[in-house]
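Laboratory data are not the source of any read-out in this text; all were calculated from the coordinates shown. Here the structure is a predicted model, which is why all the values come from computation and not from measurement. Please note: Cβ atoms are built from the backbone with ideal geometry, for glycine as well, and neighbour counts cover all protein chains shown.
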Amino acid sequence: MNNPYIPNLAAIRKIIIENEAKDIKTFELVFKDPEAMKNFRYKCGQFAEISVFGAGECPIGLASSPMDEDCIQFTVKKVGVVTTALHNCEEGTVIGVRGPYGNGFPLERMEGRNVIIVGGGFAFTTLRSLTKFILHEANRDRFKDLTVIYGARNPGELVYKYDLEAWGKRDDINLNVTIDRAVPGWTGLVGFVPAVLKEVAPSSDNALAIVCGPPIMYKFTMPVINELGFRPEDVFLSFEMKMKCGIGKCGRCNIGNKFVCKDGPVFSYKEFQMMPKEY
Amino acid sequence: MKWKVLEKSELPALVAKLTEEYEVFAPVKEKNIVSFERLSSENQAYLDFWNTKKPPKDVFFPQTETLFTYRIAEKDVEIVEIPAAKGKRVLFGVRPCDARSFVLLNKFFSSGEHKDVYYLEKRRNTTIFGLACTSPRSTCFCTSLGGSPFGKDGMDLLLQDINDKYLIETITEKGEELVEKFPSLKDAEKADVERAKKLSEDAETAVKSKVSVKDVSEKLDRMFEDPLWDQIYQKCLGCGICTFLCPTCCCFDILDEETVEGKRVKIWDSCQFSCFTLHGSGHNPRSSGKERMRQRIMHKFNYFVNDFSEIFCVGCGRCVQECPVNLDIREIIGAISARQAE
């Protein structure tokens, strides 16, 4: 019987400091076993359990695109014991990865449709994976218009600046990057994500919306999404919850009888509306 | 199915013989507490008990279990896997309520894409030798939850005390294999089987405590926001004893012990603790005892029923017996079932 609790070993190839506060870093990992690298097939929106041996495990969303074949990436904010230990690791350190877990975004349903991606703060990681995936030359034709709305508190807190810069030069993505309050030197959009979404007003015709951010952002974004005419079954949210096993066994990440780790972390707004209010 | 008889005086010899071939876990009395221990030359099985304080779930789901060990050398790491199960085991003297818990735990741990090998492998390597219950206590309510004092669910064999001797009933092939190792066991007479049947009926009648679980799951579907939750949790201390001593509760944490040469362990956890669901951000979706009590009841009587068509409680009564503030799950079920249908 396959043992789901044993992690694959992976070396940190590169560490990218993502924000000014230096508490968000992207870790680029290469599995020690080339077979494990090949076998680690994942979908945008899935996550993995990352081990820092001696500190423990924590669930982190996959930030790389499934099209990146030679490495996987995770963007991690320093918050607790494991993420702090991970932030203290140097390039070359071997850590553990088990997964991928969770359902991921409904890519099949996005094909042939317009895609609207709405993200706030550090929760942009799996949305970055999705954006990169759609923009890949082998995939771009399968999707129609791509609109991305991404906001952070200030310019220093925007992650993936290198991607944002490259995407800004393309004509096959409508990219809207915003910060909460104006600061000297910022020439881009200013305002909270819901306000910018209202202004950009992407059409809900033949479209699917993917929303990911802190709870407060959901609270103010969902009314705008409704106003734009999106049907609840065409809007998808990605959840965060305290997790340990990642495989629906340890018993803590459930909302009602749905486990966020195995039934989610992506739920349609329609499913979300039927869930008990405990998240 | 076979029926064999065993003279009472022969039981120690039978158990001793089992220990030659199997790791045998049986109820052992120590300092007035009866608990399942591995038998050795130092201790012996003790069968004159109501039920063990702790259920035998830790034979398959230890309170602390090493999943693997690791050794860190500079930047590199080496992992050594620990086999999920080693030798063959016999779990002897399990009460029918506890044996039934294994039917439920099997369903849970073998469900989904990723199976819990540590539980399943140990269960697979183990023969469960049950012990019928002739004198249920006032806190027992197994008959309301699909069990009975002579119930056979989850067992491979059942030992029944029929006053002057024991009757051994084989239930599965595994049980037959075990009995075949004792060719000197005599076949039971018709009268012995009849007497066991009578005792079984008497024991069933002796379970006086009844709860009505009919419609409880359906009612709970609409009771997430019910005012009931605001009341029932108030005297709860959040000690978690109800979950630790529950034969079906199986939530766990995973953590690392030691930094250089260490081990990753799976360790019992409880939905009654506030840190169980505490996010790194400080947010907690179950921030008070109200949400935590609701989770425990919902999980057992609604969520598990939706997923596996069974109630996740066997009516052993330990949570009632051991709660320091006398919270009684039977009263909670009663209050739910008394709710008028809308």
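Using only C-alpha atoms and all pairs of different ones, pull out the Kirkwood radius for the range A:107-238 in Å with one decimal. Over the range A:107-238, the inverse of the mean reciprocal pair distance is 14.8 Å. Pairs of lysines in the range B:174-227 whose Cα atoms sit within less than 20 Å of one another amount to 6, provided the residues are eight or more positions apart or on different chains. Spread over its residues, the convex hull of the C-alpha atoms of the range A:8-101 is 85 Å³ per residue.
What separates the Cα centres of the range A:1-80 and the range A:212-255 is a distance of 22 Å. When the square roots of the Cα gyration tensor eigenvalues are ordered a ≥ b ≥ c, the ratio a/c for the range B:176-216 is 1.5 or more and a/b does not exceed b/c, which makes its shape oblate. Close amide H pairs (under 5 Å, H built 1.01 Å from N) link A:Ile255 with A:Val260, residues at least 5 positions away or on another chain. For the range A:89-105, backbone phi angles converted through the Karplus equation (6.51, -1.76, 1.60; θ = phi - 60°) give residue-by-residue couplings of 6, 9, 4, x, 5, 9, 10, x, 9, 10, x, x, 10, x, 8, x, 6 Hz, Gly and Pro being listed as x. A Förster distance of 56 Å, applied to the separation of the beta-carbon atoms of B:Thr172 and B:Ala338, puts the FRET efficiency at 0.90.
List every residue whose amide H lies under 5 Å from the amide H of B:Val211, counting only residues 5 or more places away in sequence or on a different chain, with H placed 1.01 Å from N in the peptide plane. The list, which skips near neighbours in sequence, is B:Ser144. Cross-link partners of A:Lys144 among lysines, defined as those whose alpha carbon lies under 17 angstrom from its own and excluding same-chain residues fewer than eight positions apart: A:Lys132.
Centre-to-centre, using Cα atoms only, the range B:66-80 and the range B:264-342 are separated by 36 Å. Applied to the range B:274-290, the Karplus parametrisation 6.51 cos²θ - 1.76 cosθ + 1.60 on θ = phi - 60° returns per-residue 3J(HN,Hα) values of 5, 6, 4, 10, 6, 6, x, 6, x, 6, 9, x, 10, 7, 10, x, 4 Hz, with x for Gly and Pro. Sorted from greatest to least, the principal axis extents spanned by the alpha carbons of the range B:3-206 come out as 71, 38, 37 Å.
Residues within the reach of a label modelled at B:Asp187 (point 7 angstrom out along Cα to beta-carbon, backbone nitrogen below 14 Å), restricted to the range B:1-24, are B:1-5. In this structure, the amide hydrogen of B:Arg95, modeled 1.01 Å from its nitrogen in the peptide plane, lies closer than 5 angstrom to those of B:Leu131, counting only residues at least 5 positions away or on a different chain. Kindly provide the trypsin sites (Lys or Arg not before Pro) of the range A:162-225 that DSSP labels as loop, not H, G, I, E or B, and whose Cβ sees at most 15 other Cβ atoms within 10 Å. Sparse-neighbourhood loop trypsin sites (Lys or Arg not before Pro): A:Lys169, A:Arg170, A:Arg181.
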